Ligand SMILES: C[S@@+](CC[C@H](N)C(=O)[O-])C[C@H]1O[C@@H](n2cnc3c(N)ncnc32)[C@H](O)[C@@H]1O
């Protein structure tokens, strides 16, 4: 009898060790941004894409089409947040930082707004639902698959008359804004594309005379993944007045922040 208990306790011991390791991995993924990105964006996403023969962005869109209300942008934003917090993580600005975005858009009350980095259209829908009559948002995306999903998202939300999706790299589109897209100056700019483009694109906006006194720039992810060059540039520049808004990485407990930089002329 004693021998039987002894032999049963060995596999039980191993099960406990494995459960402990699993718990540890889950905790690390929840708290550590890099581990979370590696797990969500590389391992888990690739496996799910392979099994379902479909991209994560397509799955997000399908969830919205089945669960949100056509023509109701708030229901689209809520459905994306629900899917990405409960099913699959994705790089939308998310609801926590989304509230900072909402407040900044309301403060800027823009006639012309620019977004760099559309992805699935979450923040484009979020921003456009707050725009006054006649105002417009230009949103830039260089990945054609993301742009195709975003286009459908924007149309489903019913904000297609306020949002123009410009497909291409920001560094090519920004110099075309004045002539090709009839922009005089931008009232609000949301920087949410790859972080190494924040500083060169801010400088490009200045060089192209697209900023006026009072134009508001809002940059996401300045802590995680981080944009130290950008923070250094705007905080040291006499042309910007900065405010930092501590927050968390979308759908995670990882520390992040948004930086507002008001152009002083
Ligand atoms: C963090 S996601 C944007 C999320 C989106 N703003 C939201 O909150 O719903 C970044 C996006 O920027 C795009 N991107 C990165 N660098 C870019 C560039 N230089 N020009 C245009 N798009 C870019 C990527 O393809 C990606 O879709």
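Below is a table of values for the structure above.
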quantity: Using a Förster distance of 51 Å, the FRET efficiency for residue 235-residue 62 (Cβ separation, nearest 0.05); calculated: 0.75
quantity: Degrees between helix 144-157 axis and first principal axis of the chain (Cα, 0 to 90, nearest 10); calculated: 80
quantity: With Cα atoms, 0 to 90° folded angle of helix 2-31 axis to the chain main axis; calculated: 10
quantity: Anisotropy class of the range 189-265 from Cα gyration tensor, a/c 1.5 cut; calculated: prolate
quantity: Calculated [θ] (222 nm, deg cm²/dmol) that DSSP helices of n ≥ 4 give over the chain, each run adding -39,500 (n - 2.57); calculated: -15000 deg cm²/dmol
quantity: The chain shape via C-alpha gyration tensor axes, a/c threshold 1.5; calculated: prolate
quantity: By average C-beta atoms within 10 angstrom, highest first, the peptides 172-182, 95-105; calculated: 95-105, 172-182
quantity: Kirkwood estimate for the range 117-264, i.e. one over the average of 1/r between Cα atoms, Å; calculated: 15.8
quantity: Estimated inter-spin distance, residue 32 and residue 133, nm [label 7 Å along Cα→Cβ]; calculated: 5.5
quantity: Cβ crowding within 10 Å averaged over residues, with 229-242, 147-160 ranked highest first; calculated: 147-160, 229-242
quantity: Global form of the range 71-118, assessed from the alpha-carbon gyration tensor, a/c cut-off 1.5; calculated: prolate
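Laboratory data are not the source of any read-out in this text; all were calculated from the coordinates shown. All values reported here derive from a predicted model rather than from experimental measurement. As a convention, Cβ positions derive from the backbone with ideal geometry for all residues, glycine included, and neighbour counts pool all protein chains shown.
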